[in-house]
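Trainee: One structure coming up, written as structure tokens, with questions to follow.
The values are calculated or read from the model by the stated rules, or taken from the named source; none is laboratory data. If you're wondering where the values come from, they're calculated on a predicted model, not measured in any experiment. Cβ coordinates were reconstructed from backbone atoms using ideal geometry, including for glycine residues, and neighbour counts include every protein chain displayed.
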DNA sequence: TTGAAAGCGCTAACAA
DNA sequence: TTGTTAGCGCTTTCAA
């Protein structure tokens with residue numbers, strides 16, 4: 001290879017890898033580099049991996065690439081990692097714990113150096129097992145109950161606080177919450193924040209929390225319909241995310257209720273196009289790309305040997321985007 | 001390793017790889033497999049790669065994961081490939097030809113066995129170069145002008161045909177087309193189909209084609225505004241994609257025109273949430289996931305050595321989804 | 001500062 | 001049917 005062009009066997013290796021032990025004389029290094037360029041030489045990453053036991057890539061495990069929150073995060077991750085000379089092996093679990101186990105196993109077998117995981121559920125055994133393993137892992141967006149791994153996410157609690165404060169400021173006293181699926185940490189975080197804010201503001205949400213069984217419009221529609229069928233009155237809904245909010249909107253319309261005149265509505269995530277719904281959706285925006293960037297950076301630091309506690313948590317600021325779906329309540333509760 | 005547990009050195013390899021030459025006796029195979037299981041043995045993929053010159057992964061190059069057409073395609077790809085024991089290295093070019101060149105180079109250096117590419121532009125030199133390379137490549141959704149590589153995509157032309165036929169059937173005679181960026185094959189395919197359909201139906205679209213400079217709502221808004229500022233009258237718009245359609249909707253509203261009463265509107269792709277716009281958008285749905293599945297399957301066949309011409313093209317059926325944004329024109333053109 | 005030699009874990013060829 | 005030997009392309013001791 002390049003050696004033939006130069007003169008030496010594996011001195012070339014040292015010449016091309018300045019980080020390696022053993023100083024190289026300037027002229028030698030120049031000769032090697034020239035030869036390498038002339039022959040279009042690229043070191044074989046596979047052979048290098050075999051020797052160094054480092055693969056040069058990390059696994060990125062996502063619950064569902066089709067969930068609009070995920071792609072910007074992956075882009076953030078991917079950009080940082082390529083810059084660091086690391087490639088991303090992508091694995092989509094389809095929100096299925098079994099598939100998650102399978103894919104993580106496969107990823108580890110392929111010797112990925114690290115993992116960035118948005119887990120399928122908050123009780124994932126697969127993810128918990130990672131906490132004890134050798135391979136550095138960072139969670140994004142979705143946490144596990146054990147909190148046994150570092151996490152980068154949006155500060156959903158602050159976003160929910162802002163949302164409830166906004167609604168309360170408009171005069172709402174009876175605010176309902178249609179959550180996402182209970183097996184996700186994001187659902188729990190938002191629910192706890194909702195409960196906290198309600199209590200802090202002296203509101204009362206008894207009978208006004210209902211759980212959606214998925215982050216979909218259909219689940220939102222069903223849950224909201226259930227809410228509307230009860231006797232409890234409310235003038236606003238905090239939805240677990242934007243798709244659930246969309247479902248709520250549909251359920252309200254189906255009940256002949258108008259948004260925001262009869263019921264105000266707040267979503268979560270600021271998904272594409274929610275600004276173009278009728279009414280435009282008030283929602284909590286999370287810095288998706290930055291979450292990805294920070295998660296990847298955190299992983300890179302760990303790969304570089306920086307010691308950090310596994311309970312490291314980075315919550316990036318969220319922002320309440322006020323649009324047309326929230327307004328003061330009418331004097332008498334309508335439903 | 002497993003050898004110590006069994007008895008033999010590399011017979012184990014044959015035992016675990018039924019495809020390899022050299023028959024193995026049933027008892028031996030059983031012994032080996034038991035030992036492997038007992039010791040939790042997993043063959044090292046890196047060492048195997050070094051020996052076999054196969055890396056076990058392919059590169060997936062996408063223009064922008066944030067473009068809602070892409071994720072379902074990637075999911076389709078990813079599912080098929082994992083099933084085939086192949087991992088996906090993800091690379092997002094951000095629609096930038098330079099970055100595309102960089103990433104493909106990096107991917108090739110890492111010895112991926114094949115590539116699935118949705119290119120940044122229809123004139124991509126990077127992609128054209130792939131046509132002459134050793135590594136099997138399949139294009140998805142976006143073609144290059146040279147047509148030098150196999151392609152799997154939706155049958156956009158048929159979708160556009162159906163859309164124009166639908167509009168003409170409603171009575172529209174003057175139909176405008178707000179295209180996407182001209183450096184994408186999808187734009188050209190849809191434009192050609194538009195022109196063909198217009199001509200075939202004896203319509204006239206002189207002065208009614210305007211180019212958006214990106215697949216964004218902003219580009220659609222600007223292009224539609226430009227269209228509206230002209231003297232040419234029209235009663236319907238075919239948009240290059242749904243985001244452009246959204247921009248058109250905004251431009252119409254800004255001009256005091258109603259959709260569909262004053263101007264009908266058709267999008268492309270059936271992006272999430274367009275059914276919830278006001279009015280719900282009539283659009284051409286493309287089988288995104290199936291496109292991914294078929295592209296991956298095609299690549300796997302090629303990796304397995306099946307010889308196929310590089311001009312293989314698989315166009316999967318599209319479907320016009322009629323919603324509320326299209327209606328018969330009023331008797332007199334309004335704008 | 002450089003060269004020589006060994007070996008990462010596996011599989012391909014050849015021999016038994 | 002199985003064992004032996006060699007070697008994929010690199011990096012890493014160890015010696016010079």
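Trainee: Condition (residue is in contact with a helix residue (DSSP H, G or I) (Cβ under 9 Å, 6 or more places away or on another chain), within 16 Å of DNA strand D (Cβ to nearest atom) and modelled with pLDDT of 85 or more) applied to segment B:83-105: is it met by at least one residue?
Mentor: yes
Trainee: Which members of segment B:48-64 meet the condition of being more than 18 Å from residue B:305 (Cβ to Cβ) and more than 9 Å from chain A (Cβ to nearest Cβ)?
Mentor: Answer for segment B:48-64, where residues must be more than 18 Å from residue B:305 (Cβ to Cβ) and more than 9 Å from chain A (Cβ to nearest Cβ): B:48, B:51, B:61, B:62, B:63.
Trainee: Tell me which of these residue B:296 doesn't satisfy, since it passes every other one: (1) under 25 Å from the mean Cα position of the chain (by Cα); (2) surrounded by fewer than 20 Cβ atoms within 10 Å (Cβ to Cβ); (3) within 14 Å of chain A (Cβ to nearest Cβ); (4) more than 18 Å from residue B:67 (Cβ to Cβ).
Mentor: Among (1) under 25 Å from the mean Cα position of the chain (by Cα); (2) surrounded by fewer than 20 Cβ atoms within 10 Å (Cβ to Cβ); (3) within 14 Å of chain A (Cβ to nearest Cβ); (4) more than 18 Å from residue B:67 (Cβ to Cβ), the lone unmet condition for residue B:296 is (2).
Trainee: Same structure, new question: Just for segment A:70-104: of the residues that are facing chain B (nearest Cβ under 9 Å) and over 23 Å from residue B:70 (Cα atoms), which one is surrounded by the fewest Cβ atoms within 10 Å (Cβ to Cβ)?
Mentor: The qualifying residue surrounded by the fewest Cβ atoms within 10 Å (Cβ to Cβ) is A:85.
Trainee: Considering (1) more than 16 Å from DNA strand C (Cβ to nearest atom); (2) in a loop (DSSP other than H, G, I, E, B), say which one residue B:41 fails and leave the rest.
Mentor: Status for residue B:41: all satisfied but (1).
Trainee: Hey, residue A:24 hits all of (1) outside any loop (DSSP other than H, G, I, E, B); (2) more than 30 Å from residue A:289 (Cβ to Cβ); (3) more than 8 Å from DNA strand D (Cβ to nearest atom) but one; which does it fall short on?
Mentor: (1)
Trainee: Could you list, in sequence order, all residues of segment A:160-185 that are touching a helix residue (DSSP H, G or I) at 6+ places or on another chain (Cβ under 6 Å) and either in a helix (DSSP H, G or I) or at pLDDT below 95 (or both)?
Mentor: A:160, A:161, A:164
Trainee: Being under 18 Å from the mean Cα position of the chain (by Cα) and either farther than 24 Å from residue B:80 by Cα or not assigned by TED's automatic domain parsing to the domain that holds residue A:271 (or both) narrows it down to one residue among A:83, A:123; which is it? Step through it out loud before you land on a result.
Mentor: Details: A:83 fails: under 18 Å from the mean Cα position of the chain (by Cα).
Residue meeting the stated conditions: A:123.
Trainee: So, residue B:86, is that one closer than 12 Å to residue B:296 by Cα and within 16 Å of DNA strand C (Cβ to nearest atom) or not? Spell out how you get there, then give the answer.
Mentor: Numbers: closer than 12 Å to residue B:296 by Cα: yes; within 16 Å of DNA strand C (Cβ to nearest atom): yes.
Here the answer is yes, as residue B:86 does meet what is asked.
Trainee: State yes or no: is residue B:281 in the same structural domain as residue B:112 (by TED's automatic domain parsing) and either in contact with a strand residue (DSSP E or B) (Cβ under 9 Å, 6 or more places away or on another chain) or surrounded by fewer than 24 Cβ atoms within 10 Å (Cβ to Cβ) (or both)?
Mentor: Details: in the same structural domain as residue B:112 (by TED's automatic domain parsing): no; either in contact with a strand residue (DSSP E or B) (Cβ under 9 Å, 6 or more places away or on another chain) or surrounded by fewer than 24 Cβ atoms within 10 Å (Cβ to Cβ) (or both): yes.
For residue B:281, the condition - in the same structural domain as residue B:112 (by TED's automatic domain parsing) and either in contact with a strand residue (DSSP E or B) (Cβ under 9 Å, 6 or more places away or on another chain) or surrounded by fewer than 24 Cβ atoms within 10 Å (Cβ to Cβ) (or both) - is not met.
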